[in-house]
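Heads up, the thing below is written out as structure tokens.
Every number in this text was worked out from the coordinates using simple rules, so none of it is lab data. All of these numbers come straight from a predicted model, not from anything done at the bench. Here the Cβ positions follow ideal geometry from the backbone for every residue, glycine too, while neighbour counts run over all protein chains shown.
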Amino acid sequence: MEIIIIGDDRLSYYLGKTFLAKGHRLNIINRNAEHCSYLAKNLKATIINGDGSDPDILYQAGAHTADVIVAATPYDQDNLVICQLSKSYFEIPQSLAMVNDPDNIVVFEKFGFKTISPTFIVGEIIDQLASFDSITHLLPIGEGKVNITEIKLTSGCPILGKQLKDINLPEQALISCIFRKDDALIPRGLTTLELNDRILVITKPEIQSDVLRIFSAD
Amino acid sequence: MKEKLYIIIVGCGRLGSAMGNHLSLKGHSIVMIDLKSDAFHKLNTEFSGFKMEGDATEFSVLQQAKIEKADILMSLTDDDNINIMVAQIAQKFFGIKKVIARIVDPLKQTIYADLGLDTISPTLITQDFLQTWITKG
């Protein structure tokens, strides 16, 4: 596929490396001339120096033939305009926008764009880590519609020794895997939860805090 | 049209402040929004509207400006993309009927005009004027 990335310096470099490794053709637009020469030396990609929300620059970067565009500048207004130009003017089939201000996610979604908000994701993770010690890993997927949470079962946890079928878990949650010592188990109803198990729970975000409460020792 | 309109102007530069001064003098209720409070020095002493320091691409800033009550929103900053975003938020989220975005880039202006946004391009207006002026002989 032919991919265009418009983004801040570090992000476009690492994202670029990943896409190139997967065999895609890559064009990068960056405002910073110095960083453009760095990218040109280190990536097998076409590098264009300029404003990625300028239709002329987008054309130079091959927007009329691209399959995917990633708008990942630090400015939401630029990312929005890039996505709109890509969709309405260049008719690029797929666009992904980085949204810096989480409040703007609704704006991008209203205009029909897929979004990723690092601020939101990191904020959520920090928030959860700060409030529950036993939670060691959190990952929102599917545009934040589902969370994967890893929870360590500590002593005092009310469901220790119980079989899964006896745990009153909300419908929108699922224990998908149990890490026990060096082993990973796919649990069934008769599986018993033990101390120091690390369980992987899939939940809808709106009931996540209810689910965390079930497993926390307080 | 109502006698007294509630108008939000985003960007208090040369154009924004001139419009703010003019419309305030006409008796309309004006809210000026700019990133920097320094910008409000361009408003004259007769200006009787509100001055808000803030980023108009943030929902909360527009809500503080009571955007839902606005009859008109004009986004006149020197950044095309900010104007495009603010005008579209006003149009699509708050249902403001009369919204305009200042867009300097003529190509972008054409594209967004096609998408149903009212736009004004200083470049095209100047170009029109010059073309007419030249043929006047």
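Which of B:A56, B:A65, B:A18 ends up with the largest GNM mean-square fluctuation for chain B, with Cα atoms connected below 10 Å?
B:A18
Compute the whole-percent fraction of alpha carbon pairs in region B:30-111 spaced more than 22 Å apart. Intermediate values should be presented prior to the final figure.
Numbers: 806 of 3321 pairs.
Cα-Cα pairs of region B:30-111 separated by over 22 Å account for 24 percent.
Take chain A, connect every pair of alpha-carbon atoms lying under 10 Å apart with a spring to form a Gaussian network, then pick out the residue of A:K152, A:K17, A:K162 with the largest mean-square fluctuation.
Result for chain A, Cα springs under 10 Å: A:K162 fluctuates most.
I need the calculated FRET efficiency for the pair A:E109 and A:L139, taking r as the beta carbon distance and R₀ as 25 Å, to the nearest 0.05.
Numbers: r = 20 Å, r/R0 = 0.81.
It comes to 0.80.
Quick one: how many lysine pairs does chain A have with C-alpha atoms less than 13 Å apart and a gap of 8 or more or different chains? Give me the count, please.
Numbers: A:K17/A:K41; A:K17/A:K44; A:K22/A:K44; A:K87/A:K114; A:K114/A:K145; A:K145/A:K204; A:K152/A:K181.
Lysine pairs, 8 or more places apart or on different chains, close enough: 7.
For A:77-84, what's the mean count of beta carbons from other chains sitting within 10 Å of each residue's beta carbon?
What the average comes to for A:77-84 is 6.
Under a 10 Å cutoff between Cα atoms, tell me which one of B:F93, B:F47, B:F59 has the largest fluctuation in the Gaussian network model of chain B.
Taking springs between Cα atoms under 10 Å, the residue moving most is B:F93.
Test of understanding: given chain B, find the longest segment containing no GluC sites (Glu not before Pro) that are in a DSSP loop and have at most 10 other Cβ atoms within 10 Å.
Details: sites that count: B:E3, B:E46.
Value returned for the longest uninterrupted segment is B:47-137.
Along the Cα→Cβ direction, 7 angstrom out, place labels at A:R188 and B:S60. What is the inter-label distance in nm?
That separation, rounded to one decimal, is 5.1 nm.
Hand me the tally of lysine pairs in region B:2-104: alpha carbons under 20 angstrom apart, and the pair either on different chains or 8 or more positions apart.
26
As I understand it, the dipole of chain B uses +1 on the Cβ of Lys and Arg and -1 on the Cβ of Asp and Glu, about the Cα centre. Which of B:F50, B:S29, B:I84 lies farthest toward its positive end?
The one lying farthest along the dipole's positive direction is B:S29.
If contacts are Cα pairs under 8 angstrom and at least 6 residues apart, what is the relative contact order of region A:80-218 in percent?
Working: 221 pairs, mean separation 28.8, N = 139.
Rounded, it is 21 percent for region A:80-218.
Which value in nm describes the separation of the simple spin-label points at A:I207 and A:R180, placed 7 Å from the Cα toward the beta carbon?
It is 2.5 nm.
Would you mind telling me the antiparallel percentage of the DSSP bridges in region A:64-218, rounded to 5?
On the way: 22 of 29 bridges.
Expressed as a percentage, antiparallel bridges in region A:64-218 total about 75.
I want the antiparallel fraction of DSSP beta bridges within the protein assembly as shown, as a percent rounded to 5.
Numbers: 22 of 63 bridges.
Within the protein assembly as shown, antiparallel bridges account for around 35 percent of the total.
Please list, by residue number, everything in region A:142-168 whose backbone N is under 20 Å from a paramagnetic label point 7 Å out along Cα→Cβ of A:M1.
Those under the cut-off are A:142-145.
Explain nothing, just the number: relative contact order of region B:1-134, from Cα pairs under 8 Å at least 6 residues apart, as a whole percent.
Details: 237 pairs, mean separation 27.1, N = 134.
With pairs under 8 Å counted, the relative contact order is 20 percent.
Would you mind computing, in nm to one decimal, how far apart the modelled labels at A:K165 and A:A40 are, each placed 7 Å from Cα along Cα→Cβ?
So the two model labels end up 6.8 nm from each other.
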